[in-house]
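Report on the structure given below.
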Amino acid sequence: MEIKEYMSQAGISIGDKHTFRDWGLLLISISISSPEAKTKVIEVLGGDGHIDLTEAFGPVRYKNRILVFSFILLDRRPEIWHGISSRLKNYCHGKKMKVTLDSDSGYYWEGRLSVESVKEDQVYSSIEITLDAFPYKYEQSDSQEPWKWDSFSFVSGVIRYIGEVEITADENRISIPKGNMRSVPRFFVSQNSPDFSVDYQGQSFRLKAGWNRFPQISVGGAEDVILYFSGTGKVKVEYRGGSL
């Protein structure tokens, strides 16, 4: 395949639609801003510098970031531009949706979209899609979804699949690999003894049948996390990794 042909078909997926295959948009540029850190500083009266408390109570947190995708549409007639522009806006303008880049298909972004369209001349028009996104891009597969060959990155990807684990007196722990985005996992219990619980940083949390979530438990940070369990049962640990 020639490079020219490949570039003409490259684009982004918005929900279950693709900018080239569904609307014929030709991607010409992508801009992904860096998220601004949520800093906390105290000025030192009468002294130099300041006291930085940004990481005093945990890892750095970030504000949303802006992604801008610029396209051209070879419409050749104003009525075609009107039709495609309206279809695109009806589908995603102002809505919170998932966006996946063809060039980074192992991840998806999530945020609110806006669409602007300008008719340049009789041959083509310009369309700009802006995404006000969560600071992290999410991995396509979570810990309960088997990783996919076609979108997995062998450079930076992490296989997080755990599946359902049977906890016994001898097999009583689950290891969670480190990552770049901390998240609060969910626990789904399909079978449990009355004393079934999970231990995290010296605290014990009772696990009942069905879904359980504890804001005090977080995984996916700079270090591997080992969750220890008491009692017996069957449990799924569900979480999703991410990256800036």
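The values are calculated or read from the model by the stated rules, or taken from the named source; none is laboratory data. Everything numeric in this text was worked out from a predicted model, so none of it was measured. Every residue, glycine among them, receives a Cβ derived from its backbone with ideal geometry; neighbour counts consider all protein chains shown.
Brief remarks on what is shown
- Scanning segment 19-64 for residues that are surrounded by 11 or more Cβ atoms within 10 Å (Cβ to Cβ), of a type outside the set (A, V, I, L, M, F, W, C) and touching a residue at least 40 places away in the same chain (Cβ under 8 Å) returns Thr19, Gly24, Pro35, Pro59, Tyr62, Asn64.
- Within segment 193-244, the residues that satisfy the criterion of being in contact (Cβ under 8 Å) with a residue 40 or more places away in the chain and over 30 Å from Glu110 (Cβ atoms) are Ser193, Tyr228, Phe229, Ser230, Gly231, Thr232, Gly233, Lys234.
- Residue list for segment 123-150, filter: under 30 Å from Arg77 (Cα atoms) and touching a helix residue (DSSP H, G or I) at 6+ places or on another chain (Cβ under 8 Å): Ser125, Ile127, Ile129
- Within segment 189-232, being at positive phi and crowded, with 16+ Cβ neighbours inside 10 Å holds for Gly220, Gly231.
- Considering residues of segment 172-219 that are within 14 Å of Gly233 (Cβ to Cβ) and of a type in the set (Lys, Arg) only, the residue modelled with the lowest pLDDT: Arg173
- The residues of segment 90-114 that are over 17 Å from the mean Cα position of the chain (by Cα) and surrounded by fewer than 18 Cβ atoms within 10 Å (Cβ to Cβ), listed by number, are Asn90, Tyr91, His93, Gly94, Ser114.
- Highlighted here are the strands (runs of 3 or more DSSP E) found entirely within segment 1-80 that include at least 1 residues which are within 28 Å of His93 (Cα to Cα): 12-14, 26-32, 65-73.
- So Arg87, is it among the basic types (Lys, Arg), assigned to a helix (DSSP H, G or I) and surrounded by 11 or more Cβ atoms within 10 Å (Cβ to Cβ): yes
- With respect to the conditions (1) assigned to a loop (DSSP other than H, G, I, E, B); (2) in contact with a Leu (Cβ under 8 Å, 6 or more places away or on another chain), Val235 lacks only one, and its number is (1).
- Residue match in segment 197-210 (condition: over 20 Å from the mean Cα position of the chain (by Cα), more than 26 Å from Gly58 (Cβ to Cβ), charged (D, E, K, R) and in a loop (DSSP other than H, G, I, E, B)): yes
- Every condition in (1) part of a loop (DSSP other than H, G, I, E, B); (2) closer than 13 Å to Tyr228 by Cα; (3) in contact (Cβ under 8 Å) with a residue 40 or more places away in the chain holds for Val165 except the one numbered (1).
- Residue list for segment 118-132, restricted to those being buried (at least 19 other Cβ atoms within 10 Å of the Cβ) and farther than 14 Å from Ile30 by Cα: Ser125
- Conditions (1) surrounded by 19 or more Cβ atoms within 10 Å (Cβ to Cβ); (2) closer than 19 Å to Asp22 by Cα; number of the one not met by Pro78: (1)
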